[in-house]
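To keep things clear, I will list the structure first and then write my remarks on it.
The values are calculated or read from the model by the stated rules, or taken from the named source; none is laboratory data. Computed from a predicted structure; not experimentally measured. Here Cβ is always computed from backbone atoms with ideal geometry, including for glycine, and neighbour counts include all displayed protein chains. Quick note on the areas: whole protein, heavy atoms, side chains included, nothing else; ligands and nucleic acids left out. Shrake-Rupley method; radii C 1.70, N 1.55, O 1.52, S 1.80 Å.
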Amino acid sequence: VDYNLSESGVHPLALTEILTKEEQQEILNTELFYGYTNGTPQLRRRIAEMYGDFFSAHNVLITSGSAEANFLSVMTQLEAGDELIYMVPNYPQILGLARSFGIILKELPIREELGWQWDLDELKAMVTKKTKMIAVCNPNNPTGAVMSDNVMNGVIAISREADCWLLSDEVYRGAELNGVECRSFAGATDKTVVNAGLSKAYSLPGLRLGWSVGSEEYVNRAWSFHDYTVINVAYLSDWVASKIMTYDRRMKILNRTKEHLNHNLDMLCKWAEGVSELTVTRPQAAAITFARLNIDMLSEDFVYQLRDNFSVLLTAGKWHGLEGFVRIGYGTPADYVQGGLDRIADFLNSL
Ligand SMILES: Cc1ncc(COP(=O)(O)O)c(C=O)c1O
């Protein structure tokens with residue numbers, strides 16, 4: 001397609017933008033060992049520091065993207081017949097994994113009328129003796145919503161009482177539009193696992209660098225499975241991440257993310273004012289917005305017709321678990337986003 005607005009991240013950074021001249025030179029002479037299978041101690045320490053004093057390198061496993069971290073969480077903790085309470089709409093990786101492992105999926109919608117929050121009474125009612133895990137995505141893909149303090153506290157209390165795993169995919173943490181990192185679930189209960197990585201807020205998807213933060217027991221078990229999935233993250237990816245994940249350098253990247261997203265979102269919202277067929281609301285975080293369709297067309301038909309006739313790609317609400325919406329990514333360069341929006345307007349005019 002000419003305009004791929006199905007991208008959910010921020011336009012990637014180049015190595016020259018994140019490494020010093022000396023580091024760029026150093027990387028050319030780096031010998032390509034396998035590396036530490038659980039991630040270098042330096043990188044694991046730096047990731048642990050992001051989550052506060054309670055954590056050390058022993059609480060961190062470096063993974064091949066947050067996708068591998070999610071995979072390991074499901075693989076190591078759930079078996080066929082276990083129940084998983086799953087947030088929808090969502091990035092459907094955990095849903096697909098659960099289905100393929102014979103896990104019983106119980107989808108619990110976040111409610112638009114509640115500002116895309118869970119209704120805690122609904123969550124309570126869904127928990128049974130077989131509930132083994134509650135899986136959330138916060139900030140949420142595709143809505144960009146951030147879970148409120150009150151709902152977070154409720155989710156933690158319910159997970160504790162059910163003595164189940166609480167899995168939080170936080171790959172969008174750091175991409176808040178107001179520049180204030182939202183609260184993490186890390187350490188909320190003994191059975192809490194936070195998965196995240198450098199693909200979204202940090203604009204470095206090509207590094208394939210992610211992590212899990214959890215109890216030492218969890219991390220060791222996931223590590224033992226990780227030896228059978230990818231062995232370890234690419235040596236160069238760990239090397240780069242170890243350099244850039246200091247507080248100051250992290251903040252520099254996150255500031256760029258914030259500036260870029262706010263600029264593009266202003267543009268998108270202005271465009272949307274003149275488009276009655278879609279309702280675009282300002283998300284709290286992430287490089288995506290979940291736009292309501294105000295026309296009588298299924299989301300998948302909308303996406304396919306737009307792709308085939310106007311060469312713009314979005315994702316359909318149906319694929320995220322909620323009909324009646326399309327997801328628009330606005331993290332690519334501004335001209336590119338605007339080009340895609342102009343084509344969407346042409347498409348809507350043609351209907
Ligand atoms: C919510 C969420 N989790 C995980 C992933 C996987 O990302 P990665 O493996 O690049 O970290 C994505 C990618 O789009 C995502 O949106």
> Around ARG46, with a cut-off of 13 angstrom between Cβ atoms, what is the net charge of the other residues, counting Lys and Arg +1 and Asp and Glu -1?
Replying inline: +2
>> Test of understanding: what is the full-extension gain from ASP342 to ALA157, defined as 0.36 nm times their sequence separation minus their Cα-Cα distance?
In response: 61.9 nm
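With an 8 Å Cα cut-off and a minimum separation of 6 or more residues, compute the relative contact order for the chain in percent. Intermediate results must be reported in sequence, preceding the final value.
Numbers: 694 pairs, mean separation 87.1, N = 351.
So the answer I get is 25 percent.
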>> Over the chain, with a Gaussian network built from C-alpha contacts below 10 Å, which listed residue (GLU22, GLU112, GLU176) shows the highest mean-square fluctuation?
In response: GLU22
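Tell me the per residue accessible area of the chain using a 1.4 Å probe; a whole number in Å² is fine.
Details: 15290 Å² over 351 residues.
Per-residue accessible area for the chain comes out at 44 Å².
Length gain on complete extension for the stretch GLU216 to ASP2, per 0.36 nm per residue less the alpha carbon to alpha carbon distance? Intermediate values should be presented prior to the final figure.
Numbers: separation 214, 0.36 × 214 = 77.04 nm, distance 4.64 nm.
Full-extension gain reported as 72.4 nm.
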> Please report, for the Cα atoms of the range 20-245, the Rg to one decimal and the Dmax as a whole number; what are they, in angstrom?
Replying inline: 17.5, 58
>> Skipping prolines and chain starts, which residues have an amide H placed within reach, meaning under 5 Å, of the one on THR63, given they are 5 or more residues away or on another chain?
In response: GLY210, TRP211, SER212
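Hey, what number do you get for the chain at 222 nm if only DSSP H runs of n ≥ 4 count, each worth -39500 (n - 2.57), divided across all residues, to the nearest 500?
Working: 13 runs with 148 residues, N = 351.
One gets -13000 deg cm²/dmol as the mean residue ellipticity at 222 nm.
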> Under a straight-distance cross-link criterion of Cα-Cα below 21 Å, which lysines are reachable from LYS258, leaving out those fewer than 8 residues away in the same chain?
Replying inline: LYS200, LYS270
